[in-house]
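Okay, structure first, notes after.
Any read-out appearing in this document is the output of simple, stated calculations on the displayed coordinates, not a laboratory observation. Predicted model only: the values in this text are computed from it and were never measured. Here the Cβ is made from the backbone with ideal geometry for all residues, glycine too, and neighbour counts use every protein chain on show.
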Amino acid sequence: MSMKSKRSRRRRRETIIFTILILVTLVILGYFFFDTNVVIHAQDEEIQVTNIDDEYEEAKATWLGIDISNLIEKDGEVDFQKPGKYVVKYHVKFSTKSCEKTVVVKDAMPPEITLVGKSDVVVQNISEYEELGYEAKDNVDGDITGRVKANMKQVTDNYYEIEYYVEDSSGNKSTCIRKVMVNAGTVFLTFDDGPSEEITPEILDILKEKNVKATFFLVGYGENKEEIVKRIYDEGHSIGLHGFSHDYSVIYQSVDALMNNFMTLQEMVKTTTGGYESNLIRFPGGTSNTVSRNYCVGIMSQATVKAGEYGYVYFDWNVDSNDAGGAKTADEIYQNVISGIQPGRNNVVLMHDSSGHTATKDALEKIIDYCILNGYQIKSITEDTVPVTHNPNN
Ligand SMILES: [Zn+2]
């Protein structure tokens, strides 16, 4: 072999080595350029336990501002149904960049207590009360009925409250109350001369909020009040007939006029409610009124008999709020009612929901509270209610 060819071979080898070195350097520099520009980040999060599949934000990665999140490899899972602290690890493929994200799963949802049986219980004697039962469920812990604590406390002579209490493993608390009344008697709240657009809806709101049923002895009403009558009916109150007209000089002309006055209204109510036929009546001024003497002597004595022939049951009252008389303020009305209510009997309370009776509406909530706290059951009048009646005075 010549010297020349030996030299040229060495030079070629040197060129190859040099080229490889350059390439390796380029690759290293290139990788370094790639790796230093990879940005990966994930933010710690706190997530509430839910019953639906929740999601948290996954880590994101960019390279020179270009999204390369698809190169992320993830390690770790989060159980959204189970409170705790979870760490999820992320790594960007082909790079040295990785990060961690902490997801704290918290249970903020309180358990739910459901009472078995009524939430308002009436007993004759408090020693008769036997626990009706309850259930407690939690979104995380499941059935936790065994953890419920029940505690009965006496509020007044005839009114007790049982407080049910439960706490889930994350410290979320729930309570629930059962009212136990020692039966003192029954109160029937009755409203005459309505409906009125001004007072009746507000009275219905209060009754609804207090979960109490009452009785409305209606007078004739226009189209504008049909919705109110429907509401009275739909919300489970009793509708009674006070009569289409309240004009004594018209209705007390004769027994027939009086009966027709009830029938006209009965038809009207039937149309409005889609078929409800009320047979509960209250004579304007009450059975004991003397005003009818001016128009027809003996009419009330006849009417009490005639009502039965027509299938009507008539009701008067034994507690007068006097809201159509001297009682002008809510406090006077309240005092009249609570001093009139007596234990051991059916108490029928006379009130009015016609226009202007703002004080009656204002007294109502306190009256209801008084009844509950003193062991009275509040009911609406039905055809099965033993009537409270006055003797005719004419
Ligand atoms: Zn009246």
* Do any GluC sites (Glu not before Pro) in the stretch 175-269 lie in a DSSP loop with no more than 16 other beta carbon atoms within 10 Å, and if so, which? -> E197, E198, E235
* Please report C296, C371 as a ranked list, fewest other C-beta atoms within 10 angstrom at the top and most at the bottom. => C296, C371
* To do: Report the charge-dipole magnitude of the chain in Debye, nearest 20, computed about the Cα centre from +1 at each Lys and Arg Cβ and -1 at each Asp and Glu Cβ.
  => 3480 debye
* Structure fact -> For I47, other-chain or 5+-apart residues with amide H closer than 5 Å (H placed, Pro excluded) are V104, V105, K106
* To do: Would you mind telling me which residue in P83, P201, P111 has the biggest mean-square fluctuation in a Gaussian network model of the chain, where springs connect alpha carbons within a distance under 10 angstrom?
  => P83
* First check a/c for the stretch 28-109, with a ≥ b ≥ c the square roots of the eigenvalues of its C-alpha gyration tensor; if it is under 1.5, answer rounded, and if not, answer prolate when a/b is larger than b/c or oblate otherwise. => prolate
* **Overall Cα dimensions of the stretch 185-379 - principal axes, largest extent first, Å** => 44, 34, 29
* By counting other Cβ atoms within 10 Å of each Cβ, how are T273, T190, T382 ranked from fewest to most? -> T382, T273, T190
* Highest-fluctuation residue, T15, T290, T358 considered, GNM on the chain with Cα pairs under 10 Å -> T15
* Count neighbours as other Cβ atoms within 10 Å of each site's Cβ, and list the GluC sites (Glu not before Pro) in the stretch 120-189 that are DSSP loop with at most 15 such neighbours. => E130, E131
* Mind telling me which of S278, S380, S69 comes out most flexible in a GNM of the chain, alpha-carbon contacts under 10 Å? => S69
* Suppose every K and R has +1 on its Cβ and every D and E has -1 on its Cβ; what is the size of the dipole of the stretch 116-175 about the Cα centre, in Debye to the nearest 20? -> 100 debye
* Per-residue HN-Hα couplings for the stretch 356-371, Karplus 6.51 cos²θ - 1.76 cosθ + 1.60 at θ = phi - 60°, whole Hz, x for Gly and Pro? -> x, 8, 4, 5, 5, 4, 5, 8, 4, 4, 5, 5, 4, 4, 4, 4
* **Distant-in-sequence amide H partners of V182 (H built 1.01 Å from N, under 5 Å)** => V123, Y159, Y160
* Asked: Which of the listed residues, Y159, G117, S321, is farthest toward the dipole's positive end in the chain, when Lys, Arg count +1 and Asp, Glu count -1 at the beta-carbon?
  -> G117
* Structure fact -> Sequence order, the stretch 325-335: Karplus ³J(HN,Hα) from phi using 6.51 cos²θ - 1.76 cosθ + 1.60, θ = phi - 60°, Hz rounded, Gly and Pro as x, gives x, x, 6, 9, 9, 4, 5, 5, 5, 4, 4
* **In Hz, Karplus ³J(HN,Hα) per residue of the stretch 288-302 (6.51, -1.76, 1.60; θ = phi - 60°; x = Gly, Pro)** => 7, 4, 10, 5, 5, 4, 5, 10, 7, 5, x, 4, 6, 4, 5
* **Listed residue pairs exceeding 19 Å between alpha carbons, taken from K208/K328; K74/K101; K60/K85; K137/K210; K306/K379** => K208/K328; K60/K85; K137/K210; K306/K379
* Asked: Among R231, R11, what is the fewest-to-most ranking by other Cβ atoms within 10 Å?
  -> R11, R231
* Rounded if a/c is under 1.5, else prolate if a/b is larger than b/c, else oblate: which is the chain, with a ≥ b ≥ c the root eigenvalues of its Cα gyration tensor? -> prolate
* Asked: Using a ≥ b ≥ c from the Cα gyration tensor of the stretch 112-182 (square roots of the eigenvalues), is it rounded, prolate or oblate, where a/c under 1.5 gives rounded and otherwise the larger of a/b and b/c decides, a/b for prolate?
  -> prolate
* Amide H partners (placed H, <5 Å) of L241, local residues excluded -> L218, L280, I281, R282
